[in-house]
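The values are calculated or read from the model by the stated rules, or taken from the named source; none is laboratory data. Computed from a predicted structure; not experimentally measured. Cβ coordinates were reconstructed from backbone atoms using ideal geometry, including for glycine residues, and neighbour counts include every protein chain displayed. What goes into the accessible areas is simple: the full protein's heavy atoms, side chains included, and nothing from ligands, DNA or RNA. Shrake-Rupley method; radii C 1.70, N 1.55, O 1.52, S 1.80 Å.
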Amino acid sequence: MSRKNQINKMKQPNGNYTVIQIVEHGSNNKQHKVFLRNIESIGSAILYGICSTSMAFANKTVITSYSFDFPFSIMACQMILCILFLEALRINDIINIPKYSLKMGRSFFWPALFYAIHSITALYALGGMSIPMYIAVKRCAPIVTLILSVVVLKKAIPSMNIILAVVLISMGCILASLGDLEFDLIAYIYGALSVIVQGLYLTLAQKSLEEMSALLVLYITSYNTIPVFIITSILYEAQQIVQYKHFSDFGFILCFVFQVVTGVLLNYSLFLCTAKNSALTTSLVGVLKSILQTVIGFFTFGGVKLNSLNILGISLNMFGGIMYTYTKYYERSKHNAQINVKPI
């Protein structure tokens, strides 16, 4: 709330008064900053949603349609491009991040390790699943993140409405795909593992992002994981890649370049969304955008038939998303109102 205008009177030698009105703009500046923070939060969530939605189909196209099922090589290319891009920006003073060092890398060892494991297991899972099946498993991420945020980050237990919304979103999305999934044990194992390690690296990244920028986290993660991806690519995929037959196919080259570039943007948007919001919000954005992925997945890469279970699941998912958004908005508004209340 803005303060009242202050009116001072100064007596002149002739006995008259000069009225000086002082208008304070502190409240307006504060509201402007809050507005900008909200725009950054919403914008980072939208960017992550767009990149994440595009990435699933780009990966599926390259891995399935073009049979380039080499996840270590794909991730190595993404990390190389990311490092080259960030180093060019750093050297030209376009971004302000310190030069990578082993000490810096050790400080972010565990989040980077979990990120590498998540990336590989997710690609392996996607290679053996349909899009709806893959999305159904990945939608369990908010439950894992919710538990870890309380256990690891010592965050307060969310309200019952938030917990109920997370459960509805995840369960609804699982139901939406159950009727059309062909059970693949290995793919499910990879998918479940990717969900667990995703929750771990998002939670640990959120802890680090309290002291580091999203770009710095992405920069360190790229350097920490590039040796793993290159070595495993050489050991397990080099021989098959040499024999790959579609390197001269323009369609494959276009899809592969799009996949690698989108992967870099996805990594940045993921850490940015986590920094501007929270690990739980990032996971929930991933769940909400997966509604679109599921719908498109019903009609691509072989298609999936709709049934009553699909419709029920999607309805639960949408209701949970609306419930979560309203609850978060209400809790944030209530919190801001309490901060702005000042004693008389």
Probe radius 1.4 Å, ligands and nucleic acids left out: which of 99, 138, 207 has the largest accessible area, and how do the rest follow? 99, 207, 138
Amide H contacts under 5 Å for residue 213, placed H, 5+ residues apart: none
Just grab the label-to-label distance for residue 80 and residue 331, each label 7 Å out from Cα along the Cβ direction, in nm (one decimal). 4.4 nm
Most to least packed among 245-254, 162-171, 225-234 [average Cβ atoms within 10 Å]: 162-171, 225-234, 245-254
Would you kindly state how much longer the chain becomes between residue 40 and residue 309 on full extension, computed as 0.36 nm times their sequence separation minus their alpha carbon distance, in nm to one decimal? 93.2 nm
FRET efficiency, 1/(1 + (r/R0)^6) with R0 35 Å, evaluated for residue 89 and residue 245 via beta carbons: 0.45
Each label sits 7 Å from Cα toward the beta-carbon; between residue 254 and residue 151 the label points are separated, in nm, by 4.6 nm
